[in-house]
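A.B. asks: The structure's right below; bear with me while I get my questions together.
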Amino acid sequence: MAMQQPVMKLIPKDSIRWHVHEIAARIDADYPDGILYLLGVLQGSWMFLADLARAIKRPVRIDFMSVHRIRRGEEVSNPGQEALITRYPESLLFDDSHVLIVEDIVGTGVTIKRIRTYLATLRPRSVQVVTLLDKPSRRTVRGLDLKYVGCQVPNVFVVGYGMDYEQDYRNLSDIHILRRCTYKHCVFYTSDAKDFCSEACARSDFSTREIELVKE
Ligand code: 5GP
Ligand code: MG
């Protein structure tokens, strides 16, 4: 069995559920007719997409794509590239459809920018973004338009609810922070997590009491 590091719960499943349903209701109100594709960005968005698709009441179509973020020092054919599409959607024709890109979390915005550039060539009726989490402190792409955002998180590395650290943790129902994180961008601040949760409390229905250490 893979060794997993200790994690701290940041967003409990009840709160996630609340955000999923709130977003779904807005999508139902905003898209009255026409074909709507939920375009999930693999792999992290799979659990969010599965719950969101069931919370939305109008008909939707579902497709997926994946994007590889190019790391510093990684050799690529085109040195200017920041992200590479590694899986294209099955549906190559979106010309009569609304497309809603479904992300687990948006950081720099490079992934969304790459997907938007690709979709623009397919001329859909509209392209919008829904993301469960947003980490605005990491943004490098200016003017990124995120239509539906569940909650903002501070500059911490989160796992669970579909999101991984080296392929582990995806099946956790709550969103957690790694307590001892070796990921180079990870900053773990307990106080940050508390601040975030107090702010999130004002916007949703969970209490800071729910911040608890998961059994190590
Ligand atoms: P961006 O291109 O916006 O910097 O990054 C977007 C992608 O990076 C997300 O779809 C997700 O796959 C990954 N990512 C960004 N922040 C986190 C995080 O805190 N945890 C995990 N597991 N993945 C993240
Ligand atoms: Mg993702």
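A.B. asks: Got a sec? Which of 125, 138, 114 is in contact with a His (Cβ under 9 Å, 6 or more places away or on another chain) and near ligand 1 (Cβ under 9 Å from one of its atoms)? Even if it seems obvious, please write down each step before you answer.
C.D. replies: Working: 125 fails: near ligand 1 (Cβ under 9 Å from one of its atoms); 114 fails: in contact with a His (Cβ under 9 Å, 6 or more places away or on another chain).
Going through 125, 138, 114 in turn, the sole match is 138.
A.B. asks: Evaluate the range 44-55: report whether one residue or more is within 10 Å of ligand 1 (Cβ to nearest atom) and either buried (at least 17 other Cβ atoms within 10 Å of the Cβ) or among the aromatic types (Phe, Trp, Tyr) (or both).
C.D. replies: yes
A.B. asks: Ok, one more. So if I check each of 114, 125, 142, which one is touching a residue at least 60 places away in the same chain (Cβ under 8 Å) and not hydroxyl-bearing (Ser, Thr, Tyr)?
C.D. replies: Exactly one of 114, 125, 142 is touching a residue at least 60 places away in the same chain (Cβ under 8 Å) and not hydroxyl-bearing (Ser, Thr, Tyr), namely 125.
A.B. asks: Further question: Quick one: is residue 91 of a type in the set (S, T, N, Q) and surrounded by 16 or more Cβ atoms within 10 Å (Cβ to Cβ)? Please lay out each step first, then the result.
C.D. replies: Values: of a type in the set (S, T, N, Q): yes; surrounded by 16 or more Cβ atoms within 10 Å (Cβ to Cβ): no.
When the stated conditions are applied, residue 91 does not pass them.
A.B. asks: Given the criteria touching a residue at least 24 places away in the same chain (Cβ under 8 Å), of a type in the set (Val, Ile, Thr) and farther than 22 Å from residue 46 by Cα, does residue 131 qualify?
C.D. replies: Working: touching a residue at least 24 places away in the same chain (Cβ under 8 Å): yes; of a type in the set (Val, Ile, Thr): yes; farther than 22 Å from residue 46 by Cα: no.
No.
A.B. asks: Let me ask something additional. (1) within 16 Å of ligand 1 (Cβ to nearest atom); (2) of a type in the set (A, V, I, L, M); (3) in contact (Cβ under 8 Å) with a residue 40 or more places away in the chain: which one isn't true of residue 36, the others all being true?
C.D. replies: Only one criterion in (1) within 16 Å of ligand 1 (Cβ to nearest atom); (2) of a type in the set (A, V, I, L, M); (3) in contact (Cβ under 8 Å) with a residue 40 or more places away in the chain is unmet by residue 36, namely (1).
The numbers here are math on the coordinates, done by the rules we state, and not lab data. None of these values were measured; they are calculated from a predicted model. Positions of Cβ are generated from backbone atoms using ideal geometry, with glycine treated the same way; all protein chains shown enter the neighbour counts.
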